[in-house]
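Student: Before we start, here is the structure in question, set down as structure tokens.
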Amino acid sequence: MKEILKSQAMKKFLHNKKAMFGLFIVVLLALAVLLIPLFMDLDPYTTDRAAGFNKGPSETHILGTDDVGRDLFARVLYGGRVSLFVGITSTIISVLVGIPLGLIAGYFRGAAESIIMRTADAFMSFPSMVLILVLVAVFGPSILTVTVVIGILGWTAIAKLIYGNVLSIREREYIQAAKTSGTSTWTILFSEVLPNAIPPVWANISFRVAGAILTESSLSFLGMGVQTPQASWGNIIYAAQNLMVLTARPWVWIPPGVCIILVVIGFNFIGEGVRDALDPKTK
């Protein structure tokens, strides 16, 4: 029965045009940032004094150069690697923290439920961006700090989702039958409860990746994220805080801005496709 449901969900996902469009965008961008630097001699860190500073697109530099003469095309590609790394890795952290905590709170209830859920409520009561800014300021802005902070603060939504599903599943007849037959608690948790509680999380994962990329870009734009000379889409756009760059040098900020928009739309479309595929009410 489970195999049939999986097959039906996959068919629904593959027939969802928005989901396929989103998947195409994400795969295309990921392949571009990963593979193009392997076939082209690109250096995102070296200053090209011969090309000059703040120069527009040319044969030598496809997207021009920045304010210190670095190749913007190279920086957009390498910055894409960083932004995708932060988005995906922070989401993995959120999932690895949120799923076990939600599972424990929903199944065991009692003191564990109170502690975990009240902690989640406390985390969610603070404006997330303000809390992230404070933590990044305390530990120092870097790729590692931004990734871990976004990941740790993102566990609450995952935990709440798992918690709500487990509360319903734990009362079902097959769970009670497993308990009566003497099946161990951990076997019930990981073979019966978790597989049935986790499907809604798959859609949330895609949305979380998109949100994490936006958060990293916002932090870097504010100067509190990935620090130069390392590139990310957010800190490339940071230059657009200068009115001259914003109005007279669009080649500096439009390409990374478009990349952010496309990858966020792509992941959101994938998330919507997964959500619809797992919803038995949709055809």
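Student: Under 7 Å by Cβ, and 6 or more places apart or on different chains, what pairs join a residue from the range 198-212 that is within 21 Å of Tyr107 (Cα to Cα) with one that is of a type in the set (S, T, N, Q) and in a helix (DSSP H, G or I)?
Tutor: These pairs meet every condition: Pro200/Asn165.
This table checks each residue for (1) under 30 Å from Arg275 (Cα atoms); (2) under 27 Å from the mean Cα position of the chain (by Cα); (3) not small (Gly, Ala, Ser).
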{"residue": "Ser191", "(1), (2), (3)": "yes, no, no"}
{"residue": "Pro200", "(1), (2), (3)": "yes, yes, yes"}
{"residue": "Ser220", "(1), (2), (3)": "no, yes, no"}
{"residue": "Val252", "(1), (2), (3)": "no, yes, yes"}
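Student: Pro141 passes all but one of (1) in contact with a Gly (Cβ under 7 Å, 6 or more places away or on another chain); (2) at pLDDT 90 or above; which number fails?
Tutor: (2)
Student: I've got another one for you. Regarding the range 41-57, can at least one residue be identified that is in a helix (DSSP H, G or I) and either of a type outside the set (Asp, Glu) or under 30 Å from Thr187 (Cβ atoms) (or both)? Steps first, please.
Tutor: Just the residues of the range 41-57 that are in a helix (DSSP H, G or I), to begin with: none.
No, the range 41-57 contains no residue that is in a helix (DSSP H, G or I) and either of a type outside the set (Asp, Glu) or under 30 Å from Thr187 (Cβ atoms) (or both).
Student: Is it the case that Ile4 is at pLDDT below 80, more than 16 Å from Ser206 (Cβ to Cβ) and assigned to a helix (DSSP H, G or I)?
Tutor: Values: at pLDDT below 80: yes; more than 16 Å from Ser206 (Cβ to Cβ): yes; assigned to a helix (DSSP H, G or I): yes.
Yes, satisfied.
Student: Just to be sure, is Thr215 of a type outside the set (A, V, I, L, M) and under 22 Å from the mean Cα position of the chain (by Cα)? Spell out the reasoning first.
Tutor: On the way: of a type outside the set (A, V, I, L, M): yes; under 22 Å from the mean Cα position of the chain (by Cα): yes.
Answer is yes for this residue.
Student: Report, ordered by the first and then the second residue, all pairs with beta carbons closer than 7 Å, sequence separation of six or more or different chains, a first member in the range 256-276 that is over 12 Å from Ile25 (Cβ atoms), and a second member that is charged (D, E, K, R) and assigned to a helix (DSSP H, G or I).
Tutor: Every condition considered, the pairs that remain are Glu272/Lys18; Gly273/Lys18; Asp276/Lys12.
Student: Can you work out which of the residues in the range 172-194 that are in a helix (DSSP H, G or I) and small (Gly, Ala, Ser) is surrounded by the most Cβ atoms within 10 Å (Cβ to Cβ)? Break it down stepwise before answering.
Tutor: First pass over the range 172-194, keeping only residues in a helix (DSSP H, G or I): 173-180, 185-194.
Cutting the leftovers down to small (Gly, Ala, Ser) gives us 177-178, 191.
Working: Ala177: 11, Ala178: 18, Ser191: 12.
Among those residues, the one meeting the criterion is Ala178.
Student: Restricting to the range 253-276, name every residue that is surrounded by fewer than 23 Cβ atoms within 10 Å (Cβ to Cβ) and of a type in the set (Gly, Ala, Ser).
Tutor: Gly257, Gly271
Student: State all residues of the range 238-252 that are assigned to a helix (DSSP H, G or I) and surrounded by fewer than 23 Cβ atoms within 10 Å (Cβ to Cβ); if no residue qualifies, say none. Steps first, answer last, please.
Tutor: Of the residues in the range 238-252, the ones assigned to a helix (DSSP H, G or I) are 238-241, 243-248, 250-252.
Across the range 238-252, the qualifying residues are Tyr238, Ala239, Ala240, Gln241, Leu243, Met244, Val245, Leu246, Thr247, Ala248, Pro250, Trp251.
The values are calculated or read from the model by the stated rules, or taken from the named source; none is laboratory data. All figures in this text were calculated on a predicted structure; none of them were measured in a lab. Here the Cβ is made from the backbone with ideal geometry for all residues, glycine too, and neighbour counts use every protein chain on show.
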